[in-house]
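Here's the structure, in structure tokens; my notes come after.
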């Protein structure tokens with residue numbers, strides 16, 4: 001292996017260690033007081049070296065959430081929904097998202113609890129919720145294209161409502177505070193969202 005390839009591998013390995021460490025520290029400390037110096041020390045590199053990989057704390061927070069998605073195979077899960085018809089897309093998306101939330105809940109709770117006072121975590125969380133909104137848009141646009149979106153909605157209103165109903169906070173209220181099982185959450189969300197967004201009499205075939 002050439003020295004160039006070795007240096008590239010070392011850089012990749014260091015970047016991964018930074019992301020893993022940031023993830024761990026954010027969960028362990030509930031997002032409080034985790035700064036670039038803390039992360040660099042935990043990784044075993046200098047603060048200056050950390051900035052060579054991530055130009056800002058905001059960039060690092062965004063990259064950490066995306067790394068969590070990568071580790072948990074979110075893209076592969078979403079890829080299974082490609083080409084699904086409207087109702088199937090709606091219900092399958094609920095299943096994917098409902099099963100995914102418990103896997104990221106620890107970090108999500110950290111982000112939610114600190115976003116009002118921490119610009120970096122706020123930016124990272126908004127970035128990931130923007131991806132959820134994009135998914136909601138794809139679902140609603142598919143229903144509208146198939147002419148089975150419930151007529152009470154404009155597409156934009158439907159996207160906003162679906163996005164709100166799929167929030168982590170909504171999941172938390174039902175499963176953590178009300179004691180629903182995750183399977184119960186998924187089943188009822190499928191039923192509720194189908195009733196809310198699919199025109200009466202539309203077939204799910």
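Distance in nm between label sites at residue 126 and residue 70, each 7 Å beyond Cα in the beta-carbon direction?
With each label placed 7 Å out from Cα toward Cβ, I get 2.4 nm.
When a footprinting reagent is the concern and you count Cβ atoms within 10 Å, what order do 161, 111 take, fewest first?
Exposure proxy ranking, most exposed first: 161, 111.
Among [x] 17.8, 63; [y] 19.9, 65; [z] 15.5, 44, find the value of Rg and Dmax of the Cα atoms in Å that was calculated from the structure presented, and write down its label.
After the calculation, the listed value that fits is [y].
Could you give the angle, 0 to 90 degrees to the nearest 10, between helix 119-145's Cα long axis and the longest principal axis of the Cα atoms of the chain?
For 119-145 against the chain, the angle is about 30 degrees.
Given the DSSP H assignment, sum -39500 (n - 2.57) over each helix run of at least 4 residues in the chain and divide by its residue total; what's the result at 222 nm in deg cm²/dmol, nearest 500?
So the calculated ellipticity at 222 nm is -24000 deg cm²/dmol.
What do the square roots of 5 times the Cα gyration tensor eigenvalues come to for segment 87-181, in whole Å, largest first, as semi-axes of the equivalent ellipsoid?
Gyration-tensor ellipsoid for segment 87-181: 26, 16, 11 Å.
By how many degrees, 0 to 90 and rounded to 10, does the Cα axis of helix 182-197 deviate from the longest principal axis of the chain?
Rounded to the nearest ten degrees, it is 50.
Using a Förster distance of 25 Å, how high is the FRET efficiency between residue 184 and residue 103, based on the Cβ-Cβ distance and rounded to 0.05? Provide the component values of the computation, followed by the final result.
Values: r = 18 Å, r/R0 = 0.71.
Using R0 = 25 Å, I get an efficiency of 0.90.
Which angle from 0 to 90°, rounded to the nearest 10, does the C-alpha axis of helix 155-165 make with the longest principal axis of the chain?
60 degrees
Rule-based calculations on the coordinates, nothing more; no lab input. Source: prediction; values computed, not measured. Counting neighbours? That spans all protein chains shown, and the Cβs are built from the backbone with ideal geometry, glycine included.
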